[in-house]
Amino acid sequence: MGVYPETQERGTDMTVKFCKSCSRCWEKTEYQSYTGDHHIIYYQKGTLPTIGKMREICRKCSGKQKQNKSASEIKAD
């Protein structure tokens, strides 16, 4: 997990997002993997203040919601 440096500017409010599902802050880095996806840094709960952060569900939680939704649809059939 990434460590939030104390000298970081307030511009991080624009890049760091807060996940309402898991209550963690996360951000996409400027580095890309060989598949073209951006690396994502997840911060520990309580490491960053959440005031001023955009609320957006992270990739981990959105994948869980898709899995749960498809599983419930299968049960309904």
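Return the residue satisfying two criteria in turn: it lies in the range 27-47 and is part of a loop (DSSP other than H, G, I, E, B), among the hydroxyl-bearing types (Ser, Thr, Tyr) and modelled with pLDDT of 85 or more, and of such residues it is farthest from the chain's Cα centre (by Cα). Steps first, please.
Taking the range 27-47 as the starting set, the residues that turn out to be part of a loop (DSSP other than H, G, I, E, B) are 33-37, 43-47.
This time we only want the ones that are among the hydroxyl-bearing types (Ser, Thr, Tyr), so: 33-35, 43, 47.
Okay, now just the ones that are also modelled with pLDDT of 85 or more, so 43, 47.
Numbers: TYR43: 9, THR47: 14 Å.
It comes out as THR47.
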Selection within the range 58-77 - at pLDDT 55 or above and out of contact with any strand residue (DSSP E or B) (no Cβ under 9 Å at 6 or more places or on another chain)
CYS61, SER62, GLY63, LYS64, GLN65, LYS66, GLN67, ASN68, LYS69, GLU73
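Condition first: assigned to a loop (DSSP other than H, G, I, E, B), modelled with pLDDT of 85 or more and at negative phi. Now tell me which residues in the range 1-26 satisfy that.
VAL16, CYS19, LYS20, SER21, CYS22, ARG24
The values are calculated or read from the model by the stated rules, or taken from the named source; none is laboratory data. A quick note: this is a predicted structure, and the numbers were derived from the prediction, not measured. Every residue, glycine among them, receives a Cβ derived from its backbone with ideal geometry; neighbour counts consider all protein chains shown.
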